[in-house]
Amino acid sequence: MSSKHTAPEMPPLLGFPSQPAVAVFCASRDGKEPAFRHAAQSLGEAIAKSGKDLIYGGGNNGLMGAVSKAALDAGGKVTGITPYPMLSGRRLEQFKKVYAQEKTGWNEGMAKSKYYPDLNRGDWVTFKEEANEWLETVVVHSMHDRKLEMAKRAEAFVGLPGGFGTFEELMEVITWSQIGIHHKPIIFLNVLGFYNPIKELVYSCIRGGLIDELHQELIIFIDGSDDPNFDWGTVALEAMEQWKKPYLPQKFNWMKTLDDPGELEETKPVEDIEPPNRRLIRIMESKGDRESEKESTMEQVITVFA
């Protein structure tokens, strides 16, 4: 992609993890459309078969449970990031045992009581699920810590259908990408047009001058197909592989802190950069029918929209 000026490259705060992993944001409910659950299962299976870890919010219910179970069933490793106040049942009891072993001032007597530990006394608590050693739970302080820890561990973000929490998580990682905190792909699985309203909202903001045209390439919408067996996971991973970091001028050096503020380098103003052309990635997927020995070709259009 060409530009009139070359702005200095500011280092992102959140780099790529040593172990490839994908963070998935989704609902803790199934929703009314079977296609939502199918997309979650397809994605979890594809992530595991690709050799990548699944990072998610740690829930067992709804689409959260579907994507994690599919990844585990396919032989993948799953890490759930859960705020302490949301722990309950078996996970809470296992957490208490681990906390009793790792943290001072906590003993088995407290573990059997209704006493709740103060996580601010130490770092996150991590433990393997007793029922499955490939399922790891990381207990953090808050919802904000959950999002940060997911972002640190992931090389890409995928949004399945969800509610307020899913919207907020996706909007935050988009904002972080816009201001240079990370340079990672963000993919919306637009199952049955679920994310069409958000797509139109972003278009509306661009038309109204509230979002710069340069930021169109921060989001990838995968519109997919109405086919109930559509392979959402494979198409999402192909989009990740084809993604290239868009050229966006950055004004902020997120490696600086109050302890070492330094001097921020100036970048060229946005107006001096040629806007990118809106791109379409076309993924051709051929599938052979072994029984009938017929081969059909399916073309999927992925809108790079951000």
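We did not get these values from a lab; they are worked out from the coordinates using the rules stated. Quick caveat: nothing in here was measured; it's all calculated off a predicted structure. In this analysis, Cβ positions are derived from the backbone assuming ideal geometry, glycine residues included, and neighbour counts consider all displayed protein chains.
Taking label points 7 Å from Cα along the Cα-to-Cβ direction, Q19 and K256 give a separation of 3.5 nm. By the count of neighbouring beta-carbon atoms within 10 Å, fewest first, I198, I219, I55 end up ordered I198, I219, I55.
With the charge dipole of segment 142-271 set up from +1 on Lys and Arg Cβ and -1 on Asp and Glu Cβ about the Cα centre, the Cα lying farthest toward the positive end among the listed residues W254, Q242, L201 is that of W254. In terms of the Cα gyration tensor, with a ≥ b ≥ c the square roots of its eigenvalues, is segment 180-235 rounded because a/c is under 1.5, prolate because a/b exceeds b/c, or oblate? Verdict is oblate for segment 180-235.
Please report the relative contact order for segment 159-241, taking Cα pairs under 8 Å with a sequence separation of at least 6, and give it as a percent rounded to a whole number.
So the answer I get is 33 percent.
Length gained on full extension, M143 to D226: 26.5 nm, using 0.36 nm per residue less the C-alpha separation. The fewest-to-most ranking of S225, S204 by surrounding Cβ atoms within 10 Å reads S204, S225.
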